[in-house]
Amino acid sequence: MAIFKGAGVAIVTPMKENLEVNYDKLDEILEEQIAEQTDSIIICGTTGESATMSEQEHLDVIKFAIERVNHRIPVIAGTGSNCTATAVQLSKEAAEAGADGILLVTPYYNKATQNGLAAHYTKIAEEAKVPAILYNVPSRTGCAIAPETVAKLVKDVEYIVGIKEASGDIGNVAKIMHLCDGKVDLYSGNDDQVVPLLSLGGIGVISVLSNVAPKYVHDMVYEYLEGDREKSCKMQLDALPLCSALFCEVNPIPVKAAMNLMGKEVGPLRAPLTEIEPQHEEILKKAMKEFGILA
């Protein structure tokens, strides 16, 4: 059984003006996501600014989301690290707190070998004993997990069940699905490539777009899964200008700006991220208005 099918939101972490986590606002946006049919909450991922959280803060936010969601939909905790011991500890504590799964980014900066990646992921999965999704995003980490390594891990390690693929390389994704014989839960990590990955056997997306259009992304995936591929494809193409605008600067700068423009008051970003540049904000506003989520 997959942890989830459909649209999982890579949810932002709302901040107060003093840059403390705004738990009241997080509670509010969690409820909004569930009401809008989001299929899973991914907490403390890249979009959630986990890189600027202390380990204690990271765990506190994960535990808060698990408690508030209260089994209504799955909660997947971002617990990856470039230190295997840290990732093991975060993953074990998330599992003990009741996370339905963990999302494990490839170790950044260290540039581990494929053997190193296999050992890293095996150690985390065997210690945490909770379903794990690998996260391949070499543009951010400088470290890619090879299709052969994905296949080895999925076949040999009990708790490794899926991959969030954000390499942007469709050929790479096809090779993963070929080598895994389809026996891997594939999630798109790019909002502009959801339907292409579904066509290769994917079962959903871990989405930034879902922060501002949760029902839309859920529907786009399920139209495809339930057989209306033409409608799903049109929805994907119609969303492309907004997807592009949401990445006109490094994520999560634009998506937090978009949510604030919508009146969701998710607050500022922690350094070294900065507020969106004025020219990019205009691009974002235009795309949001054309998509129908901003008056």
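With N set to the residue count of segment 196-249, report its C-alpha Rg divided by 2.2 N^0.38 Å to two decimal places.
Relative to the 2.2 N^0.38 Å estimate, segment 196-249 comes out at 1.09.
How do 192-203, 5-16 rank on mean C-beta neighbours within 10 Å, highest first? Walk me through the intermediate numbers first.
Numbers: 192-203: 20.5, 5-16: 25.3.
With the highest mean Cβ count within 10 Å placed first, the list reads 5-16, 192-203.
Using alpha-carbon positions, what is the distance between the centroids of segment 243-295 and segment 88-129, in Å?
Cα centroid of segment 243-295 versus Cα centroid of segment 88-129: 31 Å apart.
For Cα pairs less than 8 Å apart in space and 6+ apart in sequence, what is the mean separation divided by the residue count of the chain, i.e. the relative contact order in percent?
Worked out over the chain, it gives 19 percent.
Quick one: of Lys129/Lys155; Lys231/Lys256; Lys183/Lys215; Lys25/Lys286; Lys25/Lys63, which pairs are farther than 21 Å apart, Cα to Cα?
The pairs that break the limit, which is 21 Å between Cα atoms, are Lys231/Lys256; Lys183/Lys215; Lys25/Lys286.
Hey, rough spin-label estimate for Glu290 and Glu57, points 7 angstrom out along Cα→Cβ, what's it come to in nanometres?
So the two model labels end up 3.6 nm from each other.
Which whole number of Å³ per residue matches the convex hull of the alpha-carbon atoms in the chain?
Hull volume over Cα atoms, normalised by residue count, gives 118 Å³.
Once neighbouring chains are kept in place and the probe is 1.4 Å, which whole percent of the accessible area of the chain is contributed by carbon and sulfur?
Carbon plus sulfur share of accessible area: 50 percent.
May I ask you to list the chymotrypsin sites (Phe, Trp or Tyr not before Pro) in segment 71-150 that are in a DSSP loop and have at most 13 other Cβ atoms within 10 Å of their Cβ? List each step's numbers first, then the result.
Values: sites: Tyr108, Tyr109, Tyr121, Tyr135; in loops: Tyr108, Tyr109.
For chymotrypsin sites (Phe, Trp or Tyr not before Pro) across segment 71-150 that sit outside H, G, I, E and B with at most 13 neighbouring Cβ atoms in 10 Å, the list reads Tyr109.
Quick one: if you take sqrt(5λ) for each eigenvalue of the C-alpha gyration tensor of segment 1-72, what semi-axes come out, biggest first, whole angstrom?
One finds semi-axes of 21, 13, 11 Å for segment 1-72.
What translational diffusion coefficient, in µm²/s and rounded to a whole number, does the Stokes-Einstein relation yield for segment 185-295 at 10 °C and a viscosity of 1.306 mPa s, taking the hydrodynamic radius as the Kirkwood radius over Cα pairs?
It diffuses with D of about 110 µm²/s by this estimate.
Expressed as a rounded percentage, what relative contact order does segment 64-137 have, with Cα pairs under 8 Å and six or more residues apart?
Numbers: 107 pairs, mean separation 25.1, N = 74.
Result for segment 64-137 is 34 percent.
Counting other Cβ atoms within 10 Å, which GluC sites (Glu not before Pro) in segment 257-289 have at most 14 and lie in a DSSP loop?
The qualifying sites are Glu265, Glu275.
Wrap a convex hull around the Cα atoms of segment 135-178, take a quarter of its surface area, and give that in square nanometres.
If you wrap the Cα atoms of segment 135-178 in a convex hull and average its projections, you get 3.0 nm².
With every protein chain left in place, what is the accessible area per residue of the chain in square angstrom, probe 1.4 Å?
Details: 12390 Å² over 295 residues.
Result: 42 Å² per residue.
Find the centroid of the Cα atoms in segment 193-242 and in segment 8-41, then give the distance between the two in whole Å.
Cα centroid of segment 193-242 versus Cα centroid of segment 8-41: 21 Å apart.
The values are calculated or read from the model by the stated rules, or taken from the named source; none is laboratory data. In this text, all values refer to a predicted model and were calculated from it rather than measured experimentally. Using ideal geometry, Cβ is built from the backbone for each residue, glycine included, and neighbour counts are taken over all protein chains shown. Note: areas computed on protein heavy atoms with side chains; ligands, DNA, RNA excluded. Shrake-Rupley method; radii C 1.70, N 1.55, O 1.52, S 1.80 Å.
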